[in-house]
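To keep things clear, I will list the structure first and then write my remarks on it.
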Amino acid sequence: MLKNKIIYCPIILLAIFVVYLYTANAYIYYRIGQGHLSEPIHKELPMNNNNIGETIYVSLGDSLTAGAGATSYEETYPYLLATKMSDAGDNIVLKNFSTSGYKTQDLIDVWLDKAIAAKPDVVTVLIGVNDIHNHVGKNQFKKNYQYILDRLTKETNATVYLINIPYIGSKSIIVPPLDYYFETETNEYNKIIKALAIQYDVKYIDLKTPTKELFKTDGSHYSVDSFHPSAYGYKLWANLIYDSINK
């Protein structure tokens, strides 16, 4: 009898752990869904300094680029970044090609042709968090990202900036050990992005490192779902991205 208990105990503990992991993972998407966030309406925005020619800025990405969690388009990081570029004297036309929930393959299928057709001078790419959460394999992620870069570098004359995947989701929504899992995965996917940036000789912007500790905690930098940034969070990102561009 004692022998049977010894055998069954680890099985019961494993079953409890599996249920915990499933429940904890489901809770993330429950919280995101309960936030009822909508992305601001995208606009093609000219920011005119009439004494110079146009600089077309294309932003590519998912909900983080679309601005889920912001209350207006003017609070998204591409708009804030474009404003900074305009204030510095550039005549910016902003074209935001991004959609909530998109993975690298979705970006390829829907936005990449449009981005190239826009004949951009500047492109920022922030994509990958949904690849991680949807368990897109690293080999497939690399293949997709490589395809995106191959086309952007061969079919446009743009200066391309790859923004790495930030730490996203506070400890109130992503509990242990999922926090460790998602950060480990984020680091691995970011290694792929950085290696491709070197391979294609494009700019790599590290958004994760300087914001990680802040974004592990709740605060005014998060919207109501504790996953997508607030207007304040996007402003922090825009400042960091702009500073990286102008190093």
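Overview of values
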quantity	calculated
Test: residue in the range 20-39 that is under 24 Å from residue 163 (Cα atoms), part of a loop (DSSP other than H, G, I, E, B), modelled with pLDDT of 95 or more and within 18 Å of the chain's Cα centre (by Cα)	no
Residue list for the range 50-82, filter: modelled with pLDDT under 95, among the hydroxyl-bearing types (Ser, Thr, Tyr) and not in a strand (DSSP E or B)	71, 72, 73
Residue ID - farthest from the chain's Cα centre (by Cα), chosen from residues in the range 203-247 that are crowded, with 17+ Cβ neighbours inside 10 Å, part of a loop (DSSP other than H, G, I, E, B) and among the hydrophobic types (A, V, I, L, M, F, W, C)	227
All positions within the range 124-139 that are loosely packed, with under 15 Cβ neighbours inside 10 Å and in contact (Cβ under 8 Å) with a residue 12 or more places away in the chain	134, 138
Condition met for residue 146 (within 22 Å of residue 204 (Cβ to Cβ), without any contact (Cβ under 8 Å) to a residue 40 or more places away in the chain and part of a helix (DSSP H, G or I))	no
Any hit, the range 150-172, residues being surrounded by fewer than 19 Cβ atoms within 10 Å (Cβ to Cβ), touching a Ser or Thr at 6+ places or on another chain (Cβ under 6 Å) and in contact (Cβ under 8 Å) with a residue 24 or more places away in the chain	yes
Residue selected from the range 99-123 under the condition touching a residue at least 60 places away in the same chain (Cβ under 8 Å) and within 23 Å of residue 245 (Cβ to Cβ), by the criterion surrounded by the fewest Cβ atoms within 10 Å (Cβ to Cβ)	119
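The values are calculated or read from the model by the stated rules, or taken from the named source; none is laboratory data. Only a predicted model underlies this, so the values are computations on that prediction, with no experimental measurement involved. All Cβ positions, even for glycine, are placed from backbone atoms using ideal geometry, and neighbour counts span all protein chains on display.
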